[in-house]
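First up is the structure itself, then whatever we jot down about it.
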Amino acid sequence: MADKISDPKQSKGKQTVTLTDNSTGKTCELPIMQGTAGPRVVDVRRLYAETGFFTYDPGFTSTGSCDSAITYIDGDEGILMHRGYAIEDLAGKSSFMEVCYLLLHGELPTKKQRSEFERTITYHTMLHEQMLNLYRGFRRDSHPMAIMVGVVGALSAFYHDSTDISDPHQRMVASHRMIAKMPTIAAMAYKYSVGQPFVYPRNDLNYAENFLYMTFAVPCEEFKVRPAVARAMDRIFILHADHEQNASTSTVRIAGSSGANPFACIAAGIASLWGPAHGGANEAVLQMLHEIGSKDKIPEFLARAKDRNDPFRLMGFGHRVYKNYDPRAAVLRESCHEVLEDLGVRDDPLLDLAMELERIALEDPYFVEKKLFPNVDFYSGIILQAMGFPTSMFTVLFALARTVGWVAQWQEMIEDPHHRISRPRQLYTGLDKRPFVPISNRG
Ligand code: CMC
């Protein structure tokens, strides 16, 4: 059935598009919606009721699943804003705790609000002691993301007093708990994998310092967090805090739309983040750089990335929304040099290789035409490795930082009086109805 969407026009004071079913000549007026910024949106909510059509959009490349006032991305211009603030300003002038407050409450905190918020988060960092037994049930060689999915899901078994999603106070307590406990859960996943004792949080340290301390300190000697490393860690958290309706955030919203408890929803988000096309890409970038090994091998790997018959892709390149340099990658590229310098790493061969790969790819017609630019994951792995994190922890750090985005988006959805369970439809391509064949007649 052939259809066309006409140019937008004014109708009853509202802009609409007209959908014409060429086989019957029937038309349908669809309202156009306009956000504060970004492309206009055709409202298809009444499409099925009025025409009997569904829309077909696997991968949701043309579909807005919700309205949101939290994060804005202009992929063509390489712009990312949270609550109207540019990511470059937040990364350069703010702190992760402020950004958490901003995402949750819509405004940057006053001094008083910031210290109260920091205090609240600080005093929720410990885990229920019985949760330690959960870790001991995992194999020592478990991927820390597997532990994260399990332990975060299990929070709902320990914190019953914050699982009633109809109570705004409980929703906020659950959100604070997850932001506060995620560094503890992540650091413990790491400690378990290396066979070291768990390190309890310290209330005199800030969020990033505390995470580095719980990850790298051991009980037998004093551990001092390097200020430059803590600053870089905090900046990495800011850069990963939210990114509108990506796969994991959409997963959290879909899980939450059924009324599931917040801990279960965030565990679902962590599972979705794990894949190499999403949060797992930072781990994959380092593996790729090691595989390439030296600058003279770059052309060979670029040729593979361009070969349609080869599944190899240049990890850390390309993005569904950014058709320009990912602004987060630009900030991280700078941070990379600062951190390596602070750690006394001069002429890091991996960073050299990454920069050369970036230079060559950005001049290559394939990457230019397809608008494939470095994304946030391209440089984050190099910094994290220099800080001492094993590659298996990279996606865990992403999950830790993204938790605030997930909970802010989840809260926004629950507070929306019009929210309904998410239930996409399908284009059925299976067999039509046929008679049941008894097993005795199946050959
Ligand atoms: N290397 C080589 N070719 C690529 C790449 C790449 N990294 N990314 C996309 N392409 C090609 C792709 O083959 C396709 O070519 P054609 O039109 O000839 O079929 C075209 O570019 C469009 O790609 P797509 O797969 O249709 O785009 P998408 O929006 O579905 O996928 C993506 C986006 C991020 C999954 C993809 O670019 C990719 O796999 N990149 C590598 C993984 C990565 O770095 N992921 C991290 C994303 S940023 C962090 C996050 O949000 O989690």
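Let's see how each residue does on (1) surrounded by fewer than 24 Cβ atoms within 10 Å (Cβ to Cβ); (2) assigned to a helix (DSSP H, G or I); (3) at pLDDT 90 or above; (4) of a type in the set (Phe, Trp, Tyr):
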position: Thr395; (1), (2), (3), (4): no, yes, yes, no
position: Thr403; (1), (2), (3), (4): no, yes, yes, no
position: Ala408; (1), (2), (3), (4): no, yes, yes, no
position: Glu412; (1), (2), (3), (4): yes, yes, yes, no
position: Arg420; (1), (2), (3), (4): yes, no, yes, no
Scanning the stretch 110-126 for residues that are in contact with a Leu (Cβ under 9 Å, 6 or more places away or on another chain) and open to solvent by 20 Å² or more (accessible area, probe 1.4 Å), the one farthest from Phe158 (Cα to Cα) turns out to be Arg114
Quickly run through the stretch 199-219 and pick out the residues that are surrounded by fewer than 21 Cβ atoms within 10 Å (Cβ to Cβ), of a type in the set (A, V, I, L, M, F, W, C) and in contact with a Ser or Thr (Cβ under 9 Å, 6 or more places away or on another chain). Val199, Leu205
Could you list, in sequence order, the residues of the stretch 344-382 that are out of contact with any Lys or Arg (no Cβ under 9 Å at 6 or more places or on another chain), of a type in the set (Asp, Glu) and open to solvent by 50 Å² or more (accessible area, probe 1.4 Å)? Asp347, Glu363, Glu369
Given the options Phe373, Phe389, Phe394, Phe398, name the one that is of a type in the set (A, V, I, L, M, F, W, C) and touching a His at 6+ places or on another chain (Cβ under 6 Å). Phe398
Val99 being of a type outside the set (Asp, Glu), modelled with pLDDT of 95 or more and open to solvent by less than 20 Å² (accessible area, probe 1.4 Å): yes
If I filter the stretch 159-171 down to residues being without any contact (Cβ under 8 Å) to a residue 40 or more places away in the chain and outside any helix (DSSP H, G or I), which single residue comes out as most open to solvent (accessible area, probe 1.4 Å)? Ser166
Go through the stretch 75-84 and report how many residues are surrounded by fewer than 16 Cβ atoms within 10 Å (Cβ to Cβ) and modelled with pLDDT of 95 or more. 1
Residues located in the stretch 29-75, provided they are of a type outside the set (A, V, I, L, M), within 16 Å of the ligand (Cβ to nearest atom) and not in a loop (DSSP other than H, G, I, E, B): Pro58, Gly59, Phe60, Thr71, Tyr72, Asp74
Could you list all residues from the stretch 172-192 that are more than 13 Å from Val396 (Cα to Cα), open to solvent by 20 Å² or more (accessible area, probe 1.4 Å), out of contact with any His (no Cβ under 8 Å at 6 or more places or on another chain) and not β-branched (Val, Ile, Thr)? Met172
Which of (1) within 16 Å of the ligand (Cβ to nearest atom); (2) closer than 24 Å to Ile254 by Cβ; (3) of a type in the set (A, V, I, L, M, F, W, C); (4) more than 24 Å from the chain's Cα centre (by Cα) is the odd one out, the single condition Ile360 does not satisfy? (2)
Please work out which residue is farthest from the ligand (Cβ to nearest atom), limiting yourself to the stretch 245-283 and to residues that are among the small types (Gly, Ala, Ser) and open to solvent by less than 20 Å² (accessible area, probe 1.4 Å). Ser257
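The values are calculated or read from the model by the stated rules, or taken from the named source; none is laboratory data. No experiment lies behind these values; they were computed from the predicted model shown. Positions of Cβ are backbone-derived with ideal geometry, glycine not excepted, and every protein chain shown enters the neighbour counts. Keep in mind that these areas ignore ligands, DNA and RNA; they rest on the heavy atoms of the full protein, side chains included. Shrake-Rupley method; radii C 1.70, N 1.55, O 1.52, S 1.80 Å.
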